[in-house]
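The values are calculated or read from the model by the stated rules, or taken from the named source; none is laboratory data. Please read these numbers as outputs of a predicted model, since none were measured by experiment. Cβ placement follows ideal geometry from the backbone for every residue including glycine, while neighbour counts extend to all protein chains displayed. The protein model used for the area step is the full one, side chains on, heavy atoms only, and it has no ligands, DNA or RNA in it. Shrake-Rupley method; radii C 1.70, N 1.55, O 1.52, S 1.80 Å.
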Amino acid sequence: MKNKIFLSPSRYIQGTEILSHLSEYIQTLGSRILLLTSAGNRNRFKDVLTELSSDEKCTVVTEVFSGECTMAEIHRLCRVCKKERIEAVAGLGGGKTIDTVKAVSHYMDLRLAVIPTAASSDAPCSALSIIYKEDGSLDQLLWLRANPDLVLMDVGVIAR
């Protein structure tokens, strides 16, 4: 018989209005957080992000995702993490945003929160990042040393 292995996030929280409690969940990972999201999601969740950035218990540095999970984007975000003395990273978005922030977590050895906005992939829970070249072709499959520390699944966001 072949061995069976089950890998999963350390914490998986699912429910409605999860984003309204984002600050309390995310600050368990550190006091300086890099949050990666697209420009569209930054506008879509403006109220949540404004509330998160006003929390006195943690500092959130928001970066806008380039749109592609490339080594150039990963290196750019690693430089931001070093400059801002980031303790944990979080990704709010779809598969490419999540894969990018997972790779940054991996290379910087930082704790990781994933907040998916779509149910189209297994990116939120897996220990894998799919990295592309600048021309859009596949670069590599980056197998990560760990699954995310925290996955926050707001079913209202996913349903919309």
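Taking a Cβ cut-off of under 14 Å around Ser54, the surrounding Lys, Arg, Asp and Glu residues balance to a net charge of -3, with basic ones at +1 and acidic ones at -1. Of the beta bridges in region 1-142, as assigned by DSSP with both residues counted there, near 20 percent are antiparallel. Ser121 sits among other residues whose Cβ lies under 11 Å from its own Cβ, and their net charge, with Lys and Arg +1 and Asp and Glu -1, is -1. The percentage of C-alpha pairs in the chain whose separation is greater than 26 Å is 20%. A 1.4 Å probe run over the protein chains yields, for the chain, 53 Å² of accessible area per residue, whole-number rounding. The share of accessible area on the chain that comes from carbon and sulfur is 51 percent, using a 1.4 angstrom probe.
Relative contact order of the chain, taken over Cα pairs closer than 8 Å and 6 or more residues apart, is 29 percent. Model label sites at Ala119 and Thr28, defined 7 Å from Cα along the beta-carbon direction, differ in position by 2.3 nm. Region 93-160 and region 11-69 have Cα centres lying 15 Å from one another.
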